[in-house]
1. What tally of residues in the stretch 82-94 results from selecting those that are farther than 18 Å from F7 by Cα and in a loop (DSSP other than H, G, I, E, B)?
2. Which residues, taken from the stretch 20-40, are free of Cβ contacts under 8 Å to residues at least 60 places away in the same chain and either closer than 16 Å to L75 by Cβ or crowded, with 16+ Cβ neighbours inside 10 Å (or both)?
3. Are there any pairs, at least 6 apart or on different chains, whose C-beta atoms fall under 7 Å, with the first in the stretch 1-15 and of a type in the set (V, I, T) and the second buried (at least 19 other Cβ atoms within 10 Å of the Cβ), and if so, which?
4. Listed residues T26, T63, T52; which is over 12 Å from the mean Cα position of the chain (by Cα) and of a type in the set (S, T, N, Q)?
5. Only one of L10, L75, L47 is of a type in the set (A, V, I, L, M), surrounded by fewer than 17 Cβ atoms within 10 Å (Cβ to Cβ) and within 14 Å of the chain's Cα centre (by Cα); which?
Amino acid sequence: MAKRYRFVALVDAAPGRDEEFNDWHTNVHMGEVLKAAGFQSSERMKLVPGTTGEGTPYGYLVTMEMETDDPMAELGKMGAAVQSGEISPSDCISPVLWAGLYEEIEGARLEA
């Protein structure tokens, strides 16, 4: 049975380019990633100012979900799509980011 995974990325727009970043991410990047790799959904959220602890926070949280038996193969598809130009880059995103893939923990989801 396939497991659920969530790819998480913390990103920033290039300085002064939030509007351009949001347009590119919504209307270009998210669709390209969903098409190229095995993700079923993608979502981006914006940080609410004044709600973080110490350190320099990232302005945006991006999550993408997939169900698969081979998450590394799906990530490989995404990497190959970046290399081939199928996923187009943009200089409106800051090159400094953090990303990781998380595996669902069975029984660790609770809904009200």
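The values are calculated or read from the model by the stated rules, or taken from the named source; none is laboratory data. This one's a predicted model, so the numbers in the text were calculated from it and none came from an experiment. Heads up, the Cβs are rebuilt from the backbone with ideal geometry, glycines too, and the neighbour counts pull from every protein chain shown.
1. Within the stretch 82-94, residues that are farther than 18 Å from F7 by Cα and in a loop (DSSP other than H, G, I, E, B) number 8.
2. Filtering the stretch 20-40 for residues free of Cβ contacts under 8 Å to residues at least 60 places away in the same chain gives 22-23, 26-27, 30-40.
Matches in the stretch 20-40: M30, E32, V33, L34, K35, A36, A37, G38, F39, Q40.
3. Here the result reads V11/Y60; V11/V62; V11/I93, each pair linking the stretch 1-15 to a residue that is buried (at least 19 other Cβ atoms within 10 Å of the Cβ).
4. Numbers: T26 fails: over 12 Å from the mean Cα position of the chain (by Cα); T63 fails: over 12 Å from the mean Cα position of the chain (by Cα).
Answer to the selection: T52.
5. Being of a type in the set (A, V, I, L, M), surrounded by fewer than 17 Cβ atoms within 10 Å (Cβ to Cβ) and within 14 Å of the chain's Cα centre (by Cα) holds for just one of L10, L75, L47, which is L10.
Rundown of residues vs (1) under 19 Å from S94 (Cβ atoms); (2) in a strand (DSSP E or B); (3) at pLDDT 95 or above; (4) in contact with a Cys (Cβ under 7 Å, 6 or more places away or on another chain), yes/no style:
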site	(1), (2), (3), (4)
E43	no, yes, yes, no
P49	yes, no, no, no
T52	yes, no, no, no
G55	yes, no, no, no
T63	yes, yes, yes, no
